[in-house]
Amino acid sequence: MSKRTRRAAPAPGAARPTVTVCRGCCCGTPKIPGLDHAAQLRALRQALDGIATVRVTDCLDACERANVVVVQPSAEGRRNGGRPVWLGLVNDPEATADITAWIKDGGPGLTDPPGILDLYTFRPSRRVQAELHEA
């Protein structure tokens, strides 16, 4: 992950949730066939316009789980105990729709994710987590 990517991480008190979409080494590439990566990003941005910040980053170093999406809580969500949620294998429109529905309902710390997202949730290494969350 580049230093530029790390500096772009939202401050812990971001007013709204932040959705980080990996588009590096494996995510967002032909290595994940059958998914329109541009349409996925467009759907996230359109569905979450004014609700969450959607940003693209280079490789999040979880290539075995491509495509990776990280949902960081809003300031209110963080105050309520919400922590970033890492989602892997987000390779179909239904998963993207489940993620956007959850964020529209409040996201981490404010509402529980739909049960189906448990299948996508994973915990990255501490090193990778620290790199994403450094400001």
- Query: Hey, among the residues in segment 92-124 that are surrounded by 16 or more Cβ atoms within 10 Å (Cβ to Cβ) and hydrophobic (A, V, I, L, M, F, W, C), which one's nearest to the chain's Cα centre (by Cα)?
  - Reply: ILE99
- Determine whether segment 83-91 contains at least one residue that is surrounded by 14 or more Cβ atoms within 10 Å (Cβ to Cβ), without any contact (Cβ under 8 Å) to a residue 24 or more places away in the chain and touching a helix residue (DSSP H, G or I) at 6+ places or on another chain (Cβ under 6 Å). no
- Message: Looking at the structure I just gave you, is ARG127 touching a strand residue (DSSP E or B) at 6+ places or on another chain (Cβ under 8 Å), farther than 16 Å from ALA15 by Cα, among the basic types (Lys, Arg) and surrounded by fewer than 19 Cβ atoms within 10 Å (Cβ to Cβ)?
- Response: no
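For every residue, the table says whether it meets (1) free of Cβ contacts under 8 Å to residues at least 24 places away in the same chain; (2) part of a strand (DSSP E or B); (3) not small (Gly, Ala, Ser).
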| site | (1), (2), (3) |
| --- | --- |
| ALA15 | no, no, no |
| GLY24 | no, no, no |
| LEU35 | no, no, yes |
| LEU41 | yes, no, yes |
| GLN46 | yes, no, yes |
| ILE51 | no, no, yes |
| CYS59 | no, no, yes |
- Got a number for residues in segment 92-116 being out of contact with any helix residue (DSSP H, G or I) (no Cβ under 6 Å at 6 or more places or on another chain) and within 15 Å of ASN67 (Cα to Cα)? 6
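Readers should treat all values here as calculations from the given coordinates under stated rules, not as data from a laboratory. Since the model is a prediction, treat every value here as computed from it, not as a measurement. Counting neighbours? That spans all protein chains shown, and the Cβs are built from the backbone with ideal geometry, glycine included.
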